[in-house]
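Student: Structure in structure tokens, see below.
What follows draws every value from the coordinates through simple rules; no lab data is involved. Since we're looking at a predicted model, the values are computed, not measured. Cβ sites come from the backbone with ideal geometry, for glycine too, and all protein chains shown count toward neighbours.
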Amino acid sequence: MNNWKIFANGLLKENPTFTLLLGMCPTLGVTSSAGNGLGMGLATTFVLVMSNMVIALVKDFIPDKVRIPAFVVIIATFVSVVEMSMQAYLPSLFASLGLFIPLIVVNCIVLGRAEAFASKNNPFRSILDGLGMGLGFSMALTLLGSVREFLGSGKIFSLAIYPEDYGMLVFVLAPGAFLALGFLIAIINKLKAA
Amino acid sequence: MAKTESTLVNMLLTLLVIAVISGASLGYVYKLTKAPIEQAKAAKQQAAIKDVVPEFDNDPLAEAKTLQSEDGLELKMFPAKKAGELVGVAVETLTNNGFSGEIRIMVGMQPDGTIINYRVLDHKETPGLGSKMEEWFRPQAPKADATADQETSFAKWLYGIKASGGGNRSIVGMNPGKNKMIVSKDGGEVDAITAATISSRAFLDAVVRAYKTYAKEANLSTDAVSGATTKEGGKNYE
Amino acid sequence: MTYALIVISAIFVNNVVLAQFLGICPFLGVSKRISTAIGMTGAVTFVMIIATLMTFLLQKLVLEPFEITYLQTISFILVIAALVQLVEIILKKISPPLYQALGVFLPLITTNCAILGVAIMVIQKNYNLVESVVFAGATALGFGLALITFAGIREQLDLVDLPKGMSGTPIALVVSGLLALAFMGFAGLV
């Protein structure tokens, strides 16, 4: 597999959200607006790239039996770094993402990529894989966030497209997250089959 | 390079080394971000004070005073002065009666306790319902009114609840010393947020607590808040 | 807040799955049969209550006194991971039937974000020890209610003729959406 393929893999073919159905909690939880979705996606991308890189670097030193706890500690470290930096420099984004930032730790994508890719490949390839997966995840979250924000409040990235009065509030609330994601995946399935 | 064997010593040693390195690096990042985090918080506080009191030329943060409410909560009072004259006070108040967790509000009052404006600093109420308190209790501009009707019409359809029509939901211009600042459902003068009565009660609880604590400090009357049935002042709001 | 209010709001109004989006992976993953849904609920309830108790004590007795709350995320996840392992070992020894019922679900629980989510939430909400445990138990029941209801619907869905693109996950998500809409009605309860 050449490097470009590793990168593009996460973007489309094995998109973590639309194809692998990983990391559903933040996908549904923070996508009430496109901006939130993008912020969450980029935070996860950072954790993915950094933890993939470090795990690929130290994988030979870690005995097999304590592999998973070691990975979890490394991932949790980067999550805490993101948490504190965001609190310091992007306090309003931190307030709206809230609980879901520490929960990046249990996002199956991060541990999944560490186990499936970074523990078997060299650092450079692992970074590419993390970047591809992370950006694929960000793209999916931004898309879902845009759809919900557009249908719910008539805006995309807080830019008014049509008057808010005609928005369907349900798409900003909890049920809309499930409905929007369900139909998005259905459309993507349909496009793939065609 | 050969893979490290899974012996007990190796396992413990690896985990220990990883834990120490991550703990140390986190401590370092914590030190780095501590000051910016506090700055961000102070900036937010300052912006909120500016939002809720008239123009001032002193430094309210420097003249801040920590007060104890009747039920033992800690409130912060920021006096706003122009040319040495007190033009308003901002009180950072809180309540634990919210639907989920603490609600913190910055309430701006004239020296006599009449509410000028407020800003919700922090809350964990349900998005789309309780979270509406950020705007709900302000006067309704004509355009905002249309939006509000749109929002409540969803609730109307969903719950079959009558959307608030001619009631009053703005607390601006009210004075907790003169007005009965509890939700209309409980016999007060303020309409609760549709389908979020608990959040509304908690919000008003925090506002009244701000007034009571400030009034005690400034020796104002607290008749109406302490449950007196007579209303001394008329409605001094639209 | 009274205990009754905590319980009602955690089970119905702020349902952990349908309103807060925690624990979606097991919600979509092990909801194909009612029997597995019940097993998962048991395991989650068990672990969630113990985990919340442990992390609460850790926070109050270690992290806060030593002012190292920035280690919260990392220490909580380690406690939960270790706890799940421990529960598995102990259960195997003392109660084989219970282990048989819950065993297969235990490893899945470490990555159930509802567990870590609840542990962090009780700290954020300033609950005391009893409130925290009540909240954890009620949240787990809410998880169970959503999961078992959903599994019941999905068993019926197997028999339904669906458009090709909609079958599988998409229809499951749409059904969850409708379920979430129904649960929103509970908001009028309080």
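Student: For segment A:114-194, I need the span (max minus min coordinate) of the C-alpha atoms along each principal axis, in Å, sorted largest to smallest.
Tutor: Principal extents (Cα only, largest first): 53, 30, 23 Å.
Student: While we're looking at this one, here's another question. Return B:Arg209, B:Arg169, B:Arg104 ranked ascending by Cβ neighbour count within 10 Å, so the fewest neighbours appear first.
Tutor: B:Arg104, B:Arg169, B:Arg209
Student: How do B:Glu70, B:Glu92, B:Glu102 rank when sorted from fewest to most other Cβ atoms within 10 Å of their own Cβ?
Tutor: B:Glu70, B:Glu102, B:Glu92
Student: Arranged by the count of other C-beta atoms within 10 angstrom, fewest first, what order do C:Leu78, A:Leu141 take?
Tutor: Result, fewest neighbours first: C:Leu78, A:Leu141.
Student: As a check on your grasp of the helix formula, calculate [θ] at 222 nm for chain A: sum -39500 (n - 2.57) over DSSP H runs of n ≥ 4, divide by the residue count, round to the nearest 500.
Tutor: Per the formula, -21000 deg cm²/dmol.
Student: For the cross-link pairs B:Lys132/B:Lys180; A:Lys65/C:Lys60; A:Lys155/B:Lys41, which exceed 25 Å when the distance is taken from alpha carbon to alpha carbon?
Tutor: Too far apart for the 25 Å limit: A:Lys65/C:Lys60; A:Lys155/B:Lys41.
Student: Another question about this same structure. For peptide C:67-79, compute the average count of partner chain beta-carbon atoms within 10 Å of each residue's beta-carbon.
Tutor: Neighbouring Cβ atoms belonging to other protein chains average 6 per residue here.
Student: Calculate for chain C the 222 nm mean residue ellipticity that helices alone would give, adding -39,500 (n - 2.57) per DSSP H run of length 4 or more and normalising by residue count, nearest 500 deg cm²/dmol.
Tutor: The helix-only estimate for chain C comes to -22000 deg cm²/dmol at 222 nm.
Student: Over chain A, what is the relative contact order in whole percent, taking alpha-carbon pairs under 8 Å and six or more residues apart?
Tutor: 36 percent
Student: I want to verify the translational diffusion coefficient of segment C:62-123 in µm²/s; compute it with Stokes-Einstein, Rh as the Kirkwood radius over Cα pairs, at 10 °C and 1.306 mPa s.
Tutor: Translational diffusion coefficient: 123 µm²/s.
Student: Please report, in whole Å, how far the alpha carbons of chain A spread along each principal axis, starting with the longest.
Tutor: Cα spread of chain A along its principal axes, largest to smallest: 59, 46, 25 Å.
Student: Can you list the lysines whose alpha carbon sits under 24 Å from that of A:Lys192, skipping same-chain ones fewer than 8 residues off?
Tutor: By straight Cα distance, A:Lys192 reaches A:Lys5, A:Lys13, C:Lys164.
Student: With Cβ to Cβ distances under 13 Å as the rule, what net charge do the other residues near C:Ala119 carry (K, R +1; D, E -1)?
Tutor: Around C:Ala119, the charge tally is +2.
Student: Taking the convex hull of the alpha carbon atoms in segment C:9-185, what volume per residue do you get, in Å³?
Tutor: Dividing the Cα hull volume of segment C:9-185 by its residues yields 117 Å³.
Student: Another question, if that's okay. Kindly provide log₁₀ I(q)/I(0) values, in the same order as q = 0.07, 0.09 Å⁻¹, from the Debye equation applied to equal alpha-carbon scatterers of the protein assembly as shown.
Tutor: -0.48, -0.79
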